[in-house]
Amino acid sequence: MNVLQKHTASCVTLKERNVQYRGLSLGYRLRAICDGRSTRYAVEVRLNGRERACAALGNDIETALAHFHAICRGAVTPCTLSEVVYEMQIGN
């Protein structure tokens, strides 16, 4: 019998951090996205609970963690997240 199997991705928050910087309330989440065959990592940044951006950090947990901590330390905002992640990835 032929059966169509639907693979659904699951998303788990690995780390969360909130930062107050120059009057801004920044929230960061490191997420693992599992699709049954592989796991990839992404970061989400929220500004004042409204503006939001996400960026892929790749498949390596150690690199994703290092990038996540650097993004938090640098108080990266949603509008600059994609540029910062791009610069981090070409620097590796």
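We did not get these values from a lab; they are worked out from the coordinates using the rules stated. This is a predicted model, so every value here is computed, not measured. We place every Cβ from the backbone using ideal geometry, glycine too, and count neighbours over all the protein chains shown.
Loop-located trypsin sites (Lys or Arg not before Pro) in segment 25-56 (DSSP state not H, G, I, E or B) with no more than 14 neighbouring Cβ atoms inside 10 Å: R37, R50.
What FRET efficiency would be calculated for the residue pair S38, A70, taking the C-beta separation as r and a Förster radius of 22 Å, to the nearest 0.05? After rounding, the FRET efficiency stands at 0.40. Divide the volume of the convex hull around the Cα atoms of the chain by the residue count and you get 113 Å³ per residue.
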